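Quick notes on the structure that follows.
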Amino acid sequence: MTFSLTRRFVLTGIETSCSIGIHDFERETPQRILVDLEILLDPDKEPQADNIDDALNYDDIRETVITIATSQHFDLQETLARRIFDAISGMTSVMGLSVQTSKPDIYKDVDCASYRLSSLD
């Protein structure tokens, strides 16, 4: 029996502070944001040895997210998600991607206000 192989990297709850939002109070103080990623990897580029040089390093992914989120003010989650999407999709062996940004502290009666950008659906 032959199986179709897929490879995915999933990082959830990457937490950082971000200057984001359209309201004055949002511009005054950075907010906590969470970023979730699901990354579809090329099945033909699976590492053949137990060596990080042959794999997509999730340290690099996490650092890219934090660097982008802290680089400037974003009015919209859509803009932040697009910047992250473009950066991660250009990494080695990435074939598809879902990026979700969330503002968990925006409303007292809502867990998170989130935005998702995906090439996986």
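The values are calculated or read from the model by the stated rules, or taken from the named source; none is laboratory data. All values derive from a computational prediction rather than experimental measurement. Glycine gets a Cβ as well: all are built from the backbone with ideal geometry, and neighbour counts include every protein chain shown.
Looking for something outside any helix (DSSP H, G or I) and either more than 13 Å from the chain's Cα centre (by Cα) or at pLDDT 90 or above (or both) - is there at least one such residue anywhere in segment 79-89? Steps first, answer last, please.
First, pick out the residues of segment 79-89 that are outside any helix (DSSP H, G or I): none.
Looking through segment 79-89, none of the residues is outside any helix (DSSP H, G or I) and either more than 13 Å from the chain's Cα centre (by Cα) or at pLDDT 90 or above (or both).
Checked against the criterion of being out of contact with any Lys or Arg (no Cβ under 7 Å at 6 or more places or on another chain) and more than 28 Å from Ala113 (Cβ to Cβ), segment 21-42 contains one or more residues that satisfy it.
When residues in segment 18-34 are screened for being in contact with a Leu (Cβ under 8 Å, 6 or more places away or on another chain) and farther than 14 Å from Gln72 by Cβ, 1 of them pass. Considering segment 1-27, the residues that are over 28 Å from Asp111 (Cα atoms) and polar (S, T, N, Q) include one that is surrounded by the most Cβ atoms within 10 Å (Cβ to Cβ), namely Thr6. Which residue pairs have Cβ atoms under 6 Å apart, sit 6 or more places apart or on different chains, and have a first residue in segment 85-101 that is in contact (Cβ under 8 Å) with a residue 12 or more places away in the chain and within 16 Å of Val35 (Cβ to Cβ) and a second that is surrounded by 20 or more Cβ atoms within 10 Å (Cβ to Cβ) and among the polar types (S, T, N, Q)? Pairs that qualify, where the first residue is in contact (Cβ under 8 Å) with a residue 12 or more places away in the chain and within 16 Å of Val35 (Cβ to Cβ) and the partner is surrounded by 20 or more Cβ atoms within 10 Å (Cβ to Cβ) and among the polar types (S, T, N, Q), are Thr101/Gln77. For Glu15, the criteria (1) more than 24 Å from Asp121 (Cβ to Cβ); (2) modelled with pLDDT under 95; (3) in contact with a Lys or Arg (Cβ under 7 Å, 6 or more places away or on another chain) hold in every case but one, which is (2).
Name the residue that is surrounded by the fewest Cβ atoms within 10 Å (Cβ to Cβ), counting only residues in segment 39-77 that are among the small types (Gly, Ala, Ser) and either free of Cβ contacts under 8 Å to residues at least 40 places away in the same chain or farther than 11 Å from Cys18 by Cα (or both). Quick ask: steps written out before the conclusion?
Of segment 39-77, the ones among the small types (Gly, Ala, Ser) are 49, 55, 69, 71.
Still in the list and also either free of Cβ contacts under 8 Å to residues at least 40 places away in the same chain or farther than 11 Å from Cys18 by Cα (or both): 49, 55, 71.
Details: Ala49: 8, Ala55: 17, Ser71: 12.
The residue in question is Ala49.
In segment 78-112, what residues are surrounded by fewer than 16 Cβ atoms within 10 Å (Cβ to Cβ), under 30 Å from Glu46 (Cβ atoms) and β-branched (Val, Ile, Thr)? Passing the criteria: only Thr92.
Can you confirm whether segment 113-120 contains a residue that is loosely packed, with under 13 Cβ neighbours inside 10 Å and within 20 Å of Gly13 (Cα to Cα)? Yes, segment 113-120 contains at least one residue that is loosely packed, with under 13 Cβ neighbours inside 10 Å and within 20 Å of Gly13 (Cα to Cα).
Which residues, counting only those in segment 28-38, are under 18 Å from Leu11 (Cβ atoms) and either surrounded by fewer than 16 Cβ atoms within 10 Å (Cβ to Cβ) or touching a His at 6+ places or on another chain (Cβ under 9 Å) (or both)? Outline the logic, then answer.
As a first pass, look at segment 28-38 and keep what is under 18 Å from Leu11 (Cβ atoms): 32-38.
If the condition is that a residue be under 18 Å from Leu11 (Cβ atoms) and either surrounded by fewer than 16 Cβ atoms within 10 Å (Cβ to Cβ) or touching a His at 6+ places or on another chain (Cβ under 9 Å) (or both), then Arg32 is the only one that fits.
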